[in-house]
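In what follows, a structure is listed as structure tokens, so that the remarks can point back to it.
No lab work stands behind these numbers, since they all come straight from the coordinates. Everything numeric in this text was worked out from a predicted model, so none of it was measured. Neighbour counts run over all protein chains shown; Cβ positions are idealised from the backbone, glycine included.
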Ligand code: ADP
């Protein structure tokens with residue numbers, strides 16, 4: 001399909017109706033780019049804002065064929081579309097971005113570890129384990145994780161004895177997936193290096209950020225990572241650029257990293273889509289990760305990834321133990337208290353532990369940004385006092 005000959009923009013298919021697809025819609029609107037969405041159910045986060053949507057199962061090839069009809073390019077809100085379906089879409093002439101050969105490294109942690117080791121990139125010691133015996137041989141304590149299907153810390157266990165291996169193996173058997181054992185990394189903090197890469201090979205690297213996870217869920221991101229040694233920052237960006245190039249990633253690649261207590265960087269895992277650790281870019285960078293994802297998958301020149309302010313803090317809004325949070329009713333207080341606050345809600349109801357939105361606060365002073373963002377997120381989640389204020 002020749003784009004140059006037409007003044008009509010191409011239609012981009014997005015598979016998956018979560019908040020990442022919803023947040024792609026904002027820059028898509030600004031760029032005048034029509035999206036077509038495959039949503040899991042009527043009314044899910046992205047279906048609320050993308051009128052051209054179809055409801056169906058992304059594991060069904062006929063559904064994928066129907067939603068991608070007339071769409072030159074296909075991209076994703078999640079990494080769960082079966083590889084054989086991606087090949088079928090590519091064979092039918094769609095540009096699948098990222099493509100199946102790249103995406104498998106974000107779908108399968110054993111494949112990812114093999115590829116990174118082949119590239120000589122620093123990883124925790126690891127081994128695929130078939131039985132509790134294998135884990136004993138690997139050595140305790142260690143981390144055992146399912147090779148496929150994990151997210152937000154589900155499918156990750158710290159194990160210290162043979163008995164503790166029972167649950168991971170039972171889970172893996174039920175899900176028909178393998179398990180990977182990794183050394184329990186003694187880390188100072190978690191970092192993330194985000195790059196956008198286009199099929200032509202142009203790449204843009206965002207500043208390396210620090211992310212804080214609680215119970216496997218990203219809670220907070222500080223951009224750039226405070227006090228990160230410049231050589232480690234450069235190494236982290238270089239790792240992300242190397243992975244993106246070597247695996248032919250198109251769109252956003254997030255490389256989750258550990259900064260160890262002895263000052264090394266190790267790769268934890270890869271995501272090939274806009275990522276929670278990049279949400280700060282919506283308000284804190286010249287070009288957001290969502291816009292650069294769209295530009296990259298359409299092979300357009302990328303936008304500048306540079307920060308707009310010395311610091312940006314992103315804090316996720318998570319449902320607390322009670323579901324009586326203010327969300328919408330939290331606006332008057334949150335916005336009056338902090339006119340510079342940027343709020344992003346996903347159109348989801350508050351449920352305990354569920355990510356329903358995030359806030360970004362940027363400015364000159366890190367402590368101030370942290371206080372403002374934390375306060376607002378807690379307020380929207382209904383964790384703070386009297387909401388009648
Ligand atoms: P998910 O696919 O659920 O995001 P991850 O592999 O990123 O799973 O693991 C979730 C969290 O578990 C990580 O953010 C980190 O805090 C912890 N973790 C994972 N692997 C290790 C490891 N090898 N050593 C120490 N902690 C780990």
For the chain, share of DSSP beta bridges that run antiparallel, in % to the nearest 5: 80
Exposure proxy order (Cβ contacts within 10 Å, fewest to most) of 15, 8, 217: 8, 217, 15
For the chain, projected area of the alpha-carbon convex hull averaged over all directions, nm²: 19.7
Packing-based ranking, highest mean first, of 165-176, 45-56 given that Cβ atoms within 10 Å are counted: 45-56, 165-176
Projected label distance in nm at residue 26 and residue 65, using a 7 Å step from Cα toward the beta-carbon: 3.7
Computed over the chain: relative contact order in percent, which uses C-alpha pairs under 8 Å that are six or more apart: 13
Largest-first principal axis extents of the Cα set of segment 331-372 (Å): 33, 20, 13
DSSP bridge pairs, segment 230-389: antiparallel proportion in percent, nearest 5: 95
Cβ-based exposure ranking for 311, 379, in which fewest neighbours within 10 Å come first: 311, 379
Cα gyration tensor of segment 3-72 - equivalent ellipsoid semi-axes, whole Å, descending: 20, 16, 8
